[in-house]
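In what follows, a single structure is set out as structure tokens and then discussed.
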Amino acid sequence: MNVQQSRTPATSNSRTSQVRNAGIGTGFLFFAATIASIIGLAATYYFFVRTTTGQFIDESALVEATEMNGSATRASTEFLDMLPVLSLAIATIMVVFVTVARRRWTAAGIAIAACVAANLATQLLKFIIPDRPDRGVQTLELNSLPSGHTTLAASAAAAVFLMVSPRWRPLAGFLGSTFAVATGVSTVINQWHRPADVIAAFLVVGAVMLPAGWLILRTGNSWNVWRGYGEHWAASRLWVSLTVIALLIGAAVAGFTLLKVLPGLSQDSTTDYFRAGAALIVIAGYLSALGGTWLFGIAARRRDSAR
């Protein structure tokens, strides 16, 4: 009896040393990622709105989107018309299901509040950001940054990402970013927004949803458990690989097209600027997904690898 009693505390202490709360030790990373999103938003605004080169690239991409007239424009218009209902439906169904089925009431409240805050922040920025200054580029002077449609899609996808269990986040990150990227590119094809407006929307969502995600991790230790890739089909490395592949393709297209047109800012290309702008949207969207999956995977891990 005495031997058994003496072993119990040691075993308990060993297990305790291998377990940590979700989010612990990652507050600085979340803070740094949030600040990086804010800085990225300011840099995007400054380069694409305040400089001649940035204005020219952004506006040329919008002008060249007219070359996509036809089936692509019709498809993007139909998609954008359905987007508000579609985004709200996806987010509502997923959040309600997870909330009711898994009783994640606190997480649902935080995710919904952050989603609303991101969209309000976009509308506020549209109001307070000055009109586009005259830099010798023929363009509409009215400010259109950030994109409201993209913010709606990206924030809805982010809310679902925050609500699901860690094993579902690799899949949710890939599908959500694909949905947001498709929305962003569609707004450019439809000539509603310039590429910089879309990128700015991603950064607004990141700046708002990252702190919300950290709070959700801190309030959900019982279900924010990440046991690594392969524990579930939604946690397969396939989704991360697809995200990386899309990111690399976007980087290759952006680099190739910008190298072709940047030296003299040539206006002879037909679709190079549009392709470059679309590629930048792809990079911003999938980079956000990759970074989010990695960061939340670290923060949600509750058991040390030694276990």
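A short reminder: the numbers here are calculations on the coordinates, not readings from a lab. These numbers come from a predicted model, not from an experiment. Virtual Cβ from ideal backbone geometry, glycine too; neighbours counted across all protein chains shown.
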Original post:
Ala254: net charge of surrounding residues, Cβ under 12 Å, Lys/Arg +1, Asp/Glu -1, itself excluded?
Top reply: +1
Original post:
Length gain on complete extension for the stretch Glu141 to Ala36, per 0.36 nm per residue less the alpha carbon to alpha carbon distance?
Top reply: 35.0 nm
**OP:** Pop out the ³J(HN,Hα) list for the stretch 271-282 in order, Karplus 6.51 cos²θ - 1.76 cosθ + 1.60 with θ = phi - 60°, rounded to Hz; leave Gly and Pro as x.
**Re:** 9, 4, 5, 5, 4, 5, x, 5, 5, 5, 5, 4
Original post:
Efficiency by 1/(1 + (r/R0)^6): what FRET value for Ile128 and Thr52, r their Cβ-Cβ distance, R0 = 22 Å, to the nearest 0.05?
Top reply: 0.40
Original post:
What spacing in nm lies between the two simple spin-label points modelled at Ser236 and Ala252, each 7 Å away from Cα in the Cβ direction?
Top reply: 2.2
**OP:** Using Cα centres only, tell me the gap between the stretch 164-240 and the stretch 84-118 in whole Å.
**Re:** 14
**OP:** Can you pull a Stokes-Einstein diffusion coefficient for the stretch 128-243 at 20 °C (1.002 mPa s), Rh from Kirkwood over Cα pairs, as a whole number of µm²/s?
**Re:** 135
Subject >> Derived scalar couplings ³J(HN,Hα) [the stretch 175-187; Karplus, 6.51 cos²θ - 1.76 cosθ + 1.60; whole Hz; x for Gly, Pro] >> reply: 5, x, 5, 4, 4, 5, 5, 4, 5, x, 5, 4, 5
Original post:
What FRET efficiency would be calculated for the residue pair Ile93, Ile245, taking the C-beta separation as r and a Förster radius of 25 Å, to the nearest 0.05?
Top reply: 0.30
**OP:** Compare the peptides 206-219, 116-129 by average per-residue count of other Cβ atoms within 10 angstrom and give them in order, highest first.
**Re:** 206-219, 116-129
